[in-house]
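A quick write-up on the structure given underneath.
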Amino acid sequence: MCSQQPTELPDEDFMTNPSLAMDACFTAFDKDGDDRLSLNEFTLICRALFRNDKGHIYVVPSDRLEQMFAVFDKNEDGYIDREEFQFCWNQWIKTIVRPISAFLIVDVQNDFISGSLNISNCSAQQNGLEVIEPINKLLDTVDFDAVFYSLDWHPSDHVSFIDNIKQRPIHPTSPLNADNAQVYDTVIFAGPPPMKQRLWPRHCVQDSWGSELHKDLKVVEHGVKVYKGTNPEVDSYSVFWDNKKLSDTTLCAQLRLKGSTDIYVCGLAYDVCVGATAIDALSAGYRTILIDDCCRGVDLNDIESTKQTVISSNGVIVSSREVKAMVEGRDRRPELGYKLAMELKNSESDLSKNNACRRQSQQQQQQQQQQPSQ
């Protein structure tokens with residue numbers, strides 16, 4: 001049955017009459033008419049679901065098909081009945097076809113492009129200025145549901161600045177001390193608790209020119225700025241959390257408020273703040289997309305390691321020209337579908353909570369529409 005041409009997903013009345021679309025989808029793929037979906041029939045759904053905007057069907061490995069099927073086969077009888085399919089439709093298929101996408105632009109600030117921590121002076125010798133044109137093009141051409149700009153926002157006594165190294169005691173186990181440590185080295189501060197810290201030049205000090213977003217970066221009217229690294233005692237690479245996971249930023253709450261399902265991450269530096277942010281997004285349960293040509297980094301080996309970590313965690317890496325079709329639900333990647341299915345097993349993940357909030361909001365809107373006008 002898997003060799004058959006896949007039936008198209010019904011798109012008529014997809015949002016205006018969701019229950020009709022859901023029933024039509026179930027009936028279309030229930031090939032033998034037994035009012036339940038077998039693994040083979042679910043495979044046909046996946047063949048219709050996971051394809052790009054040119055009609056190319058993405059191959060899904062059989063073991064992943066079985067794992068996703070098991071998420072929706074709640075009673076483990078080897079079939080998905082209509083009640084189980086309702087969960088599959090509302091929480092999985094609708095998210096894949098109609099994602100809510102957030103664009104997260106990480107640290108495109110003066111100091112990383114031409115200032116004190118110009119990444120072109122690092123080992124990879126990449127030019128941070130090169131990310132601005134493709135990012136601006138995405139902002140002009142893609143209708144993201146939310147746009148965020150993160151900023152490194154350090155106090156002058158920040159722990160990461162090499163010229164502050166003598167302000168804090170070094171732990172006896174540190175491989176380097178305050179006298180022989182150099183920029184980009186890692187030391188261990190005494191704490192408590194003991195804390196590893198990579199040393200950087202003084203950069204992105206609050207309210208300085210170096211901390212400002214680059215003048216050529218487009219800042220959209222509805223964009224939200226998220227500030228990180230504000231605690232002098234803890235560094236913060238990720239836009240979600242500080243490096244010790246002691247406190248989160250406003251990003252988590254903002255994403256929940258908007259019901260975001262997909263996060264597109266790019267900016268500076270690829271293997272430091274961008275990578276940490278993408279990995280935290282995946283850990284929180286979000287479908288995460290790293291935009292390769294909108295990132296520049298510090299070290300080539302670390303950039304490659306970042307890519308491998310994202311891929312192994314069921315994120316995807318794409319070029320900016322692929323983003324529009326993905327945001328519009330016309331290019332649907334199986335890695336992201338698998339990620340979502342695995343998160344649906346965990347009701348405590350941010351993505352599951354966001355789906356529940358979105359479903360409740362849609363139900364309220366439908367009830368309001370059905371109420372007779374006074």
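The values are calculated or read from the model by the stated rules, or taken from the named source; none is laboratory data. Remember, it's a predicted structure, so these values are computed and weren't measured experimentally. Using ideal geometry, Cβ is built from the backbone for each residue, glycine included, and neighbour counts are taken over all protein chains shown. The area values use the complete protein model at the heavy-atom level, side chains included, leaving out ligands, DNA and RNA. Shrake-Rupley method; radii C 1.70, N 1.55, O 1.52, S 1.80 Å.
Among the residues of segment 280-289, is there at least one that is touching a Leu at 6+ places or on another chain (Cβ under 7 Å) and on the phi > 0 side of the Ramachandran plot?
Yes, there is a match, as at least one residue in segment 280-289 is touching a Leu at 6+ places or on another chain (Cβ under 7 Å) and on the phi > 0 side of the Ramachandran plot.
Suppose we filter segment 48-85 for residues that are assigned to a helix (DSSP H, G or I), out of contact with any Phe, Trp or Tyr (no Cβ under 9 Å at 6 or more places or on another chain) and among the polar types (S, T, N, Q); how many remain?
Residues flagged as assigned to a helix (DSSP H, G or I), out of contact with any Phe, Trp or Tyr (no Cβ under 9 Å at 6 or more places or on another chain) and among the polar types (S, T, N, Q) within segment 48-85 amount to 1.
For segment 277-296, give me the residue count where each residue is within 13 Å of the chain's Cα centre (by Cα) and open to solvent by 30 Å² or more (accessible area, probe 1.4 Å).
Qualifying residue count, segment 277-296: 2.
I'd like the full set of residues that are open to solvent by 30 Å² or more (accessible area, probe 1.4 Å) and either under 9 Å from ASP331 (Cα atoms) or assigned to a strand (DSSP E or B) (or both), limited to segment 28-47.
The answer is ARG36, and nothing else.
Taking the criterion of being of a type in the set (D, E, K, R), assigned to a loop (DSSP other than H, G, I, E, B), open to solvent by 10 Å² or more (accessible area, probe 1.4 Å) and on the phi < 0 side of the Ramachandran plot, would at least one residue in segment 260-276 satisfy it?
No, because not a single residue in segment 260-276 is of a type in the set (D, E, K, R), assigned to a loop (DSSP other than H, G, I, E, B), open to solvent by 10 Å² or more (accessible area, probe 1.4 Å) and on the phi < 0 side of the Ramachandran plot.
Within segment 206-225, work out how many residues are among the β-branched types (Val, Ile, Thr) and crowded, with 19+ Cβ neighbours inside 10 Å.
Of the residues in that region, 0 qualify.
Residue check: is VAL142 touching a Lys or Arg at 6+ places or on another chain (Cβ under 6 Å) and in the same structural domain as ILE289 (by the TED database)?
Yes; evaluated as a whole, the condition is true for this residue.
Restrict the check to segment 217-226 and report whether at least one residue is of a type outside the set (Asp, Glu) and modelled with pLDDT under 95.
Checked against the condition, which is being of a type outside the set (Asp, Glu) and modelled with pLDDT under 95, segment 217-226 yields at least one hit.
Here is a list: SER120, SER150. Which entry is modelled with pLDDT of 95 or more, in contact with a helix residue (DSSP H, G or I) (Cβ under 8 Å, 6 or more places away or on another chain) and closer than 30 Å to VAL327 by Cβ?
SER150
Does PHE69 meet the test of being open to solvent by less than 10 Å² (accessible area, probe 1.4 Å), aromatic (Phe, Trp, Tyr) and at negative phi?
It is false that PHE69 is open to solvent by less than 10 Å² (accessible area, probe 1.4 Å), aromatic (Phe, Trp, Tyr) and at negative phi.
For segment 183-190, check the following and say yes or no: at least one residue is over 30 Å from VAL265 (Cα atoms), free of Cβ contacts under 8 Å to residues at least 60 places away in the same chain, outside the structural domain of LEU251 (by the TED database) and not hydrophobic (A, V, I, L, M, F, W, C).
Within segment 183-190, not a single residue is over 30 Å from VAL265 (Cα atoms), free of Cβ contacts under 8 Å to residues at least 60 places away in the same chain, outside the structural domain of LEU251 (by the TED database) and not hydrophobic (A, V, I, L, M, F, W, C).
Given segment 297-374, what helices (runs of 4 or more DSSP H) lie entirely inside it while holding 2 or more residues that are loosely packed, with under 14 Cβ neighbours inside 10 Å and modelled with pLDDT under 95?
Where helices (runs of 4 or more DSSP H) fall fully within segment 297-374 and carry at least 2 residues being loosely packed, with under 14 Cβ neighbours inside 10 Å and modelled with pLDDT under 95, they are 350-370.
Which members of segment 86-116 meet the condition of being in a loop (DSSP other than H, G, I, E, B), touching a Lys or Arg at 6+ places or on another chain (Cβ under 9 Å) and open to solvent by 20 Å² or more (accessible area, probe 1.4 Å)?
Across segment 86-116, the qualifying residues are ILE100, SER116.
So how many residues does segment 195-231 have that are under 24 Å from the mean Cα position of the chain (by Cα) and of a type in the set (Phe, Trp, Tyr)?
1
Go through segment 117-172 and count every residue that is of a type in the set (Phe, Trp, Tyr), open to solvent by 10 Å² or more (accessible area, probe 1.4 Å) and under 20 Å from the mean Cα position of the chain (by Cα).
Number satisfying all stated conditions: 1.
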